[in-house]
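Accompanying notes for the structure given below.
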Amino acid sequence: MTSLLPGTDQVPETTSPPLAVDARDIRRRFGEREILRGVDLQVRPGEFLALLGASGSGKTTLLKILGGLDREAQGQVRVPARVSIAFQEPRLLPWQRAWRNVAFGLRGPDVRARATEALREVGLAHLADQWPKTLSGGEAQRVALARALVRDPDLLLLDEPLAALDALTRLRMQRLIADLCARRGLTAILVTHDVDEAVTLADRAVVLREGALAHEIPVDLARPRDPSGPAFGTHRDQLLSWLGVQDPTTDLPEEKTP
Ligand SMILES: Nc1ncnc2c1ncn2[C@@H]1O[C@H](COP(=O)(O)OP(=O)(O)OP(=O)(O)O)[C@@H](O)[C@H]1O
């Protein structure tokens, strides 16, 4: 475990079960605007956490802090040594073939084999030699996922990686991410705007609001989850109401009697 923020203190060891992520009193301001005002977040090893919140609430800001990409935040952060991040856009280098994008930054004689294995895990070994411009949106996103996995992370940070995909590809990718995380026992934090995606994938969902984690709900549903089931619906409605999205049925005009 490492403390990422240079201006922060190490969290003392405790005797309680080890945490994969232990973030305390995270604060971040941009000029006059205080975006994060004291976020506390603890994630257990192997847990899949969904992070929701209105646009501009600071989800990406928080994820970047956890990923060590923001050196100006205040607070205490402990995360595993190996953390990978995947963003909404695949961010592939257009002049590198798929496998080289996956292997980017790796060293050693076996990088091609490792990249190919990661591509196989996301079902794309056959496209290893393709150029990024020849890949579909879903394929490019899977290459980005392989690039995150090839580093053998203990923590996977996903910033709306499926937001730009069509509905069908998105469902397939959700299944792929769920399988990969379960198989590897990965700890994952997924930023998403999609409440159904959160309930489908997460062990727990938290809502960021006014600079802090204002709500959380465990999602103790058997997998694979059925979005048409009543328990799924209860979780969905709870999250929607926390996000300030009204249940559309409550707005319906009263039925007129003939
Ligand atoms: N580098 C920066 N400089 C100034 N303001 C920033 C910077 N990065 C983020 N912000 C501001 O901080 C706020 C939170 O941004 P952030 O991207 O974390 O929100 P978000 O919850 O991920 O939003 P969305 O759901 O729309 O992606 C926004 O108002 C944004 O404009």
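Please treat every number below as a calculation from the coordinates, not as lab data. Note that the structure is predicted; figures quoted are calculated from it, not measured. No Cβ is skipped: glycine too gets one built from the backbone with ideal geometry, and neighbour counts run over all protein chains shown.
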Simple label model, 7 Å out from Cα along Cβ direction - Arg44 to Ala125, nm: 3.4
Extension reserve of the Ala81-Ala214 stretch, reckoned as 0.36 nm per residue once the Cα distance is removed: 45.1 nm
The chain, Cα convex hull volume normalised per residue, Å³: 169
Helical mean residue ellipticity (222 nm; -39500 (n - 2.57) per DSSP H run of 4+; nearest 500) of the chain: -9000 deg cm²/dmol
Relative contact order (%) - the chain, alpha-carbon pairs under 8 angstrom, separation at least six: 24
Extension gain, Arg107 back to Asp237 (0.36 nm per residue minus Cα-Cα distance, nm): 42.1 nm
Spacing of the two label points (7 Å from each Cα toward its C-beta) at Leu93 and Arg37, in nm: 4.3
Inter-site label distance for Asp226 and Arg175 at 7 Å from Cα along Cβ, in nm: 1.7
DSSP loop chymotrypsin sites (Phe, Trp or Tyr not before Pro) with at most 15 other Cβ within 10 Å: longest gap in the chain: 105-258
Size descriptor, Kirkwood hydrodynamic radius, that averages inverse alpha-carbon separations across segment 72-215, Å: 16.0
Residue with peak Gaussian network fluctuation, the chain [Cα springs, cutoff 10 Å], from Gly211, Gly31, Gly53: Gly31
Shape category assigned to segment 158-240 from the gyration tensor of Cα positions, a/c cut at 1.5: rounded
